[in-house]
Amino acid sequence: MPNGLHGLRSLKSVLLKCTCEGLDLSSRPNLRAIFIYEPVILLPKTLHGLQELESVSLHRKYDGLDLSSCPNIKSICIDGPVTLMPNGLHGLRSLKIVSLKCKCDGLDLSSCPNLRAIRLYEPVTLLPNALHGLQELESVSLHCKCDGLDLSSCPNIESICIDGPVTLMPNGLHGLRSLKIVSLKCKCDGLDLSSCPNLSPIRIYEPVTLLPNALHGLQNLEKVSLKCKYDGLDLSLCPNIETLDIEGAVILLPNAIYGLQKLKRLKLICNCDGLDVSSCQNIEAIYVNKPVNLLPKSLRGLQKLNIVWFSCKCEGLNVSTCSHMEEIYLKEPVTSWLNAQHGLHEDKKVLLKCKYDGVDLSSGPTIVEIDIYVTLLPNSLDKLIKVSLQCKYDALDLSTCLKISDDLVRIERYLYNRVETLKYNLHGLQNITNVSLKCKFHGLDLVSCKNIEILDIEEPETLLPNSLQDL
């Protein structure tokens, strides 16, 4: 009932998620916490003048909300069909936490000096100076409209996340020495972060554009993810970077990562002509795609490198000194892979989709996937546990690969039966469960492969009598 709480003057906390039309809480002077959900219907000004109110959470329709007469509010969370008045939070000096996802056109929070955490979502719109001078502000997350945002007068901010129709001023983060975390996906032309010395992880996305020296000398920077416009990126003076992920309209200087001894993971899909990674001695994983141009000896001496995925330009890539490789993936336009077999003795997985004649994998890989343009040497696959071939291989014999198991032996014809097999080449492979053959094969005998569960043969084959008897 609308008057169901009448007379409860000692009431301090209310949580309602029930049917109630015309609820009025203004006569409950001692209320400190209010949580209202649908289908409750509140009367206008039902929260007016609640002097002891500290926490409000509204998830129900409310038109014309004004909390400025509740001076002790510390926390506000509004998510729903609520219309907050532009001055509805004016002068709330005790307010520390605000989370709004409601309608409010022209919100101004500058008169709430003790705010520490702000989360704002559309359809809220902020005034340009709505956060000006908030000395205690530590965390800002904006996903709403704001033109001309400037946070440089908020010296204690530690975390900023902006993703939405926000226009950040080029100097909007200038001098924020406490700033540690930045994630930006908004409009900002010519951002400079070099005056924020304690930045650790940063994530910058389009349409942000960075100045050439925007990250210069950031000694504490550990994780960098850039997917925005940046001409002439150089990170060589950021010695503590551990993870680097760069994509899009970034031009990386050839020596941009020189001497980054703590770098462990590198992912590049950007412009870089003449990349050399050899000075990053602790790197463990490298993912490089077009249009990067990698130097042939870029990987020399990288003893801790165990994962390489390349689909970039490189003439004569050499991994012979990378002794701890576990996974190698090479795809065009990598045009050759010289002396690579000497560094493969600990590899577990090799995927080749580039030009390479005379590949010898006999020293170690256990999972192999080879596509066109590759010619394998005979007897080079003895240690396999999984194999997928779509390449040139004359007289293939897998009968010595006794470790092949699990669910995959796939051999596919590519251009005029490029894979040709020997009689009995699957003999003794007792652990395989899935066989798919799409190549030339005379005298197929699967009688010793007793655990096969799925068999797919598409090309004209000569199958020996009784070869499927015990399957």
Qualifying positions in segment 68-100 - touching an Asp or Glu at 6+ places or on another chain (Cβ under 6 Å) and over 19 Å from R116 (Cβ atoms): T83, M85, G88
Residue check: is E122 at pLDDT 95 or above, surrounded by fewer than 17 Cβ atoms within 10 Å (Cβ to Cβ) and closer than 24 Å to C196 by Cβ? no
Could you check segment 252-272 and list, in sequence order, the residues that are under 19 Å from C314 (Cβ atoms) and either among the acidic types (D, E) or not in a strand (DSSP E or B) (or both)? L253, P254, N255, A256, I257, Y258, C272
Would you tally the residues in segment 48-79 being of a type in the set (A, V, I, L, M, F, W, C) and over 14 Å from C102 (Cβ atoms)? 4
Do the conditions hold for R28, that is, is it surrounded by 18 or more Cβ atoms within 10 Å (Cβ to Cβ), closer than 20 Å to V124 by Cα and modelled with pLDDT under 90? no
Which listed residue, of I78, I41, is surrounded by fewer than 21 Cβ atoms within 10 Å (Cβ to Cβ) and not in a loop (DSSP other than H, G, I, E, B): I41
Filtered residue count, segment 71-97, keeping only those that are in contact with a Ser or Thr (Cβ under 9 Å, 6 or more places away or on another chain) and more than 26 Å from I157 (Cα to Cα): 1
Any residue that is at pLDDT 90 or above and in a strand (DSSP E or B) - is there at least one of those in segment 287-299? yes
Filter result for the condition that a residue is more than 22 Å from the chain's Cα centre (by Cα) and surrounded by 17 or more Cβ atoms within 10 Å (Cβ to Cβ), over C186, C146: C146
Which listed residue, of P2, P86, is in contact with a strand residue (DSSP E or B) (Cβ under 6 Å, 6 or more places away or on another chain), assigned to a loop (DSSP other than H, G, I, E, B), modelled with pLDDT under 85 and in the same structural domain as C104 (by TED's automatic domain parsing): P2
Any idea which of L263, L233, L268 is surrounded by 15 or more Cβ atoms within 10 Å (Cβ to Cβ) and modelled with pLDDT of 95 or more? L263
Taking L260, is it under 20 Å from Y329 (Cβ atoms) and not basic (K, R)? no
Has segment 360-367 got at least one residue that is at pLDDT below 80 and closer than 30 Å to C238 by Cα? no
Just the residues that are part of a strand (DSSP E or B) and crowded, with 16+ Cβ neighbours inside 10 Å, please, taken from segment 273-286. L275, A285, I286
Report yes if some residue within segment 128-148 is in a strand (DSSP E or B), over 20 Å from I76 (Cβ atoms), out of contact with any helix residue (DSSP H, G or I) (no Cβ under 8 Å at 6 or more places or on another chain) and not assigned by TED's automatic domain parsing to the domain that holds P81; otherwise report no. yes
Return yes or no: is D234 of a type in the set (D, E) and either closer than 18 Å to V277 by Cα or assigned by TED's automatic domain parsing to the domain that holds T125 (or both)? yes
Neighbours by Cβ (under 6 Å, 6+ apart or cross-chain): first from segment 10-21, touching a residue at least 12 places away in the same chain (Cβ under 8 Å); second assigned to a strand (DSSP E or B) and surrounded by 11 or more Cβ atoms within 10 Å (Cβ to Cβ): S13/A33; V14/I34; L15/F35; L16/I36; L16/V40; K17/Y37; C20/V40; E21/I41
Limited to segment 100-140, what total is found for residues that are out of contact with any Leu (no Cβ under 8 Å at 6 or more places or on another chain) and among the acidic types (D, E)? 3
For residues that are in contact with a Leu (Cβ under 7 Å, 6 or more places away or on another chain) and either in a loop (DSSP other than H, G, I, E, B) or touching a residue at least 40 places away in the same chain (Cβ under 8 Å) (or both), tally how many sit in segment 238-251. 5
Unique match (being in a loop (DSSP other than H, G, I, E, B), closer than 18 Å to S111 by Cα and out of contact with any Ser or Thr (no Cβ under 8 Å at 6 or more places or on another chain)) among L67, L100: L67
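The values are calculated or read from the model by the stated rules, or taken from the named source; none is laboratory data. Nothing here was measured: the structure is a model prediction, and the numbers come from that model. Positions of Cβ are generated from backbone atoms using ideal geometry, with glycine treated the same way; all protein chains shown enter the neighbour counts.
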